[in-house]
Amino acid sequence: MRPGARLGVDVGSVRIGVATSDPDALVATPLRTVRRDPASVADTAEVAHEAGERDVLEIVVGLPLSMDGVERAAAQTARSWAVALAKQVPGVVVRLVDERLSTVDAQRALHAAGRTARTSREIIDQQAAVLILQAALDSERVSGHAPGEIVGGRKPRTRQSRRRPSEGRPG
């Protein structure tokens, strides 16, 4: 396990949940909610500032793939946001990790704790970021490999886009 604090980010259409880990990368905790501002770079600048304040090793951004593993509009939005963030944090690795159902799981956990959706809006996104980051930390601890895909690296191929070498070529 690589030592160093990390940030976890859940990019929503209205809010961005941010979580952080301890320097030993054991536990993710909620940090704050940032207002989403697609018209400017204010939201990415706020997250970049948090990363600088905490001297993080990396930032883990949730990639909300559809249940069949395909990137649709929400995933493309998160990917674009992560690219914009990466430009603001030179020297810090930004990773995209699969985060299917993190917001749903966060809502369930808060509901089980007696919170309603109406009273939990600001912290649902933080809780989703905690789930994303904790899953990434746990994955690295178990596998010994950093999770997800580095932003700016090559996009992994999906099952649907893979083809056998002989497919699609004249024979």
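The values are calculated or read from the model by the stated rules, or taken from the named source; none is laboratory data. Computed from a predicted model, the values in this text were never measured in an experiment. When we count neighbours, we look across all protein chains shown, and the Cβ atoms used for this are built from the backbone with ideal geometry, even at glycine. Heads up: the accessible areas ignore ligands, DNA and RNA and are worked out on the full protein's heavy atoms, side chains in. Shrake-Rupley method; radii C 1.70, N 1.55, O 1.52, S 1.80 Å.
Tally up the residues in segment 21-67 that are part of a loop (DSSP other than H, G, I, E, B) and not charged (D, E, K, R), please.
Total meeting the criteria: 14.
Between a residue in segment 21-44 that is on the phi > 0 side of the Ramachandran plot and any residue that is open to solvent by less than 70 Å² (accessible area, probe 1.4 Å) and in a loop (DSSP other than H, G, I, E, B), which pairs come within a Cβ distance under 8 Å, given they are 6 or more apart or on different chains?
Ala25/Gly4; Ala25/Ala5; Ala25/Leu57
Would you mind telling me which numbered condition in (1) over 15 Å from the mean Cα position of the chain (by Cα); (2) part of a helix (DSSP H, G or I) Gln76 fails?
Going through (1) over 15 Å from the mean Cα position of the chain (by Cα); (2) part of a helix (DSSP H, G or I) one by one, Gln76 breaks only (1).
Out of all the residues in segment 84-125, which are assigned to a helix (DSSP H, G or I), modelled with pLDDT of 65 or more and within 12 Å of the chain's Cα centre (by Cα)?
Hits for segment 84-125 are Leu85, Asp125.
Please indicate, with yes or no, whether at least one residue in segment 24-34 is closer than 14 Å to Ala136 by Cα, open to solvent by less than 20 Å² (accessible area, probe 1.4 Å) and not basic (Lys, Arg).
yes
Every residue in segment 4-23 that is at pLDDT 95 or above and open to solvent by 70 Å² or more (accessible area, probe 1.4 Å), please.
Passing the criteria: only Pro23.
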